[in-house]
Structure formats: C-alpha cells, structure tokens
1. Checking the conditions here, which among E131, E116, E162, E111 is free of Cβ contacts under 8 Å to residues at least 60 places away in the same chain and crowded, with 19+ Cβ neighbours inside 10 Å?
2. Restricted to the range 17-31, and to residues that are touching a residue at least 12 places away in the same chain (Cβ under 8 Å) and charged (D, E, K, R), which residue is surrounded by the fewest Cβ atoms within 10 Å (Cβ to Cβ)?
3. From the list A68, A47, A80, which residue is touching a Lys or Arg at 6+ places or on another chain (Cβ under 9 Å), of a type in the set (G, A, S) and closer than 30 Å to R189 by Cα?
4. Does the range 184-200 hold any residues that are basic (K, R) and part of a strand (DSSP E or B), and which are they?
5. Here is a check on your reading of the model: is E116 part of a strand (DSSP E or B) and of a type in the set (D, E, K, R)?
6. Among (1) part of a strand (DSSP E or B); (2) at positive phi, which single condition is K84 missing?
7. I'm checking my understanding of the structure. Among residues of the range 146-173 that are part of a loop (DSSP other than H, G, I, E, B) and of a type in the set (A, V, I, L, M), which one is farthest from F70 (Cα to Cα)?
8. If you take the residues in the range 33-74 that are among the acidic types (D, E) and part of a loop (DSSP other than H, G, I, E, B), which one is surrounded by the most Cβ atoms within 10 Å (Cβ to Cβ)?
Amino acid sequence: MQTQSDTPRTILRPAEERGMADHGWLRSAHSFSFASYHDPRHMGFEALRVINDDEVAGGAGFPMHPHADFEIFSYVLDGALEHKDSLGNGSVVRAGGVQYMTAGTGVTHSEFNPSEDEKVRFLQIWLLPKERGAEPGYQTLDVAPEEKDGRLALIISADGREGSINTLAPAEVYAATLDGDQETSFSLRKGRRAWVQVARGEVTVNGETLRRGDGLAVLEPGEIVLSDGHDAEVLLFDLERLSS
C-alpha cells in the first residue's frame with residue numbers, strides 16, 4: 001500500500017474543462033491549446049503538445065494538410081481511420097491500432113473515416129521531437145486486446161523495443177485496459193514526468209478516480225498504480241523532464 005510520502009504529486013486535468021469544438025462532421029475535445037482554443041495554462045506537458053479526443057462522422061475527415069517537426073500519432077478507439085500521405089503511404093487502422101507519423105522536414109497527409117455510416121473515434125496526439133529536420137516516416141501498429149489486458153503494453157519508444165513504434169520524441173507511451181480487480185503499476189524514474197489520459201471508462205490512479213477524458217500530470221518520480229477499472233482504457237506517457 002502506498003503512503004502519502006511515496007505517492008508522487010499530481011495535477012488533474014478534468015475532462016469537462018477541456019476546449020471543445022463541434023464542426024458537425026468533427027467533434028473534438030482538446031486537453032491542450034489547439035487551433036481556436038487557447039489557454040496559456042494548458043500549452044502542453046513536457047514534450048506532449050496535443051491530445052485531441054476526436055470523433056469523425058461517416059465518410060468525413062481531414063483533407064490533405066502539411067506538418068513539420070512533430071511526432072504525430074492516432075490511437076484508434078472505435079471504428080477505422082484511413083491515412084494517405086505525400087510519401088506514398090496508405091493504410092486503414094482499426095480499433096486498437098496506432099498510426100504514427102514523423103513529420104520531420106515536412107509531409108502532407110489526410111485522415112478519413114472510410115465508413116459511410118459509422119463514426120470513428122481516436123486520440124490524436126502530437127509530441128515534440130528531440131531534433132528538428134528529421135527524415136519523414138510512417139509506421140503502424142496493431143495492439144491485440146490481450147497485450148494490454150490488465151497491463152501496460154509499450155506501444156511507442158525511442159528504441160522500438162518489445163515491438164513498439166520508434167519515436168524521435170523524448171517519450172515512451174503505454175496502453176492498458178483495466179476492469180474489475182485488475183491492477184497494474186509503473187515506476188516513474190528520476191528526471192521523468194508522466195501523463196495519464198483516460199480514453200474510456202473509469203479507473204483509479206494512486207487513489208484518485210479518473211473518468212473518460214480526464215488527464216493526470218504526475219510531477220515527480222514514484223509509483224503510479226492503476227486499479228479499480230470499469231471498462232477503462234488508458235494511455236500513460238513517460239516523458240523526459242524538459243522544464244525545471
């Protein structure tokens with residue numbers, strides 16, 4: 001059992017306080033400042049700059065648009081997401097899958113919902129790379145349900161270990177689903193901070209109940225315990241500490 005002394009300090013980012021956008025074909029909730037939503041208190045967290053909870057209607061999507069010097073990935077929760085880019089890549093990623101793009105020196109891409117009658121829901125996430133001007137690239141990953149059932153599965157890392165996607169960002173990303181009496185934990189090292197994002201359901205993190213859309217910033221090293229899930233799906237970002 002954790003005591004107050006070994007539980008790291010945290011800051012809650014409640015779902016209902018996020019920036020909201022409704023464009024008809026797109027409904028989006030912004031954990032950090034994005035597009036027309038600007039809040040100087042929420043400009044990002046270490047290398048993590050964007051978490052958008054996006055729902056795109058059937059047959060709709062983002063037409064071709066450019067990016068540079070960001071690591072951008074989509075974590076698909078429901079439905080399917082189709083990607084095309086100026087590098088010649090094209091794929092359809094379904095629920096449980098990840099599509100990942102190193103924008104680097106510049107790339108143009110589109111994202112569409114290939115279904116005409118079912119929405120797609122995904123988390124759109126942007127990370128700052130350690131160096132600018134990298135060669136653009138594209139990767140995908142299918143995460144089987146059993147790989148993240150009751151445990152934190154590594155999906156993105158700098159060295160691509162355990163079959164994860166390679167990133168140029170000073171970050172590692174884990175995914176987990178928890179229900180019932182399942183419990184998992186993560187030991188945050190010195191010089192790191194973490195962000196826990198609840199994608200669906202409800203889960204307890206170090207004794208604090210979080211629900212869909214909530215984010216939790218973990219400010220110092222220590223044990224992060226996830227438990228008491230109710231149809232919960234979460235992403236955990238292990239981030240190099242950039243700020244003092």
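1. Values: E131 fails: crowded, with 19+ Cβ neighbours inside 10 Å; E116 fails: crowded, with 19+ Cβ neighbours inside 10 Å; E162 fails: crowded, with 19+ Cβ neighbours inside 10 Å.
Matching residue, one of E131, E116, E162, E111: E111.
2. For the range 17-31, the residue satisfying everything is R27.
3. Numbers: A68 fails: closer than 30 Å to R189 by Cα; A80 fails: closer than 30 Å to R189 by Cα.
Only one candidate qualifies: A47.
4. Filtering the range 184-200 for residues basic (K, R) gives 189-190, 192-193, 200.
Residues satisfying the conditions are R192, R193, R200.
5. Values: part of a strand (DSSP E or B): no; of a type in the set (D, E, K, R): yes.
Spelling it out, it is not the case that E116 is part of a strand (DSSP E or B) and of a type in the set (D, E, K, R).
6. (2)
7. Here is the first cut: in the range 146-173, the residues part of a loop (DSSP other than H, G, I, E, B) are 148, 150-152, 158-160, 164, 167-170.
Now drop any that are not of a type in the set (A, V, I, L, M), which leaves 152, 158, 168-169.
Details: L152: 25, A158: 15, L168: 9, A169: 8 Å.
Filtering the range 146-173 for residues that are part of a loop (DSSP other than H, G, I, E, B) and of a type in the set (A, V, I, L, M), the one farthest from F70 (Cα to Cα) comes out as L152.
8. Initially, the range 33-74 is screened for residues among the acidic types (D, E), giving 39, 46, 53-55, 69, 71.
Those left that are additionally part of a loop (DSSP other than H, G, I, E, B): 39, 46, 69.
Values: D39: 13, E46: 22, D69: 16.
The extreme case among them is E46.
Computed from the coordinates by the stated procedures, all read-outs in this text should not be read as laboratory data. Everything numeric here is computed off the predicted structure, so don't read it as measured data. Positions of Cβ are backbone-derived with ideal geometry, glycine not excepted, and every protein chain shown enters the neighbour counts.
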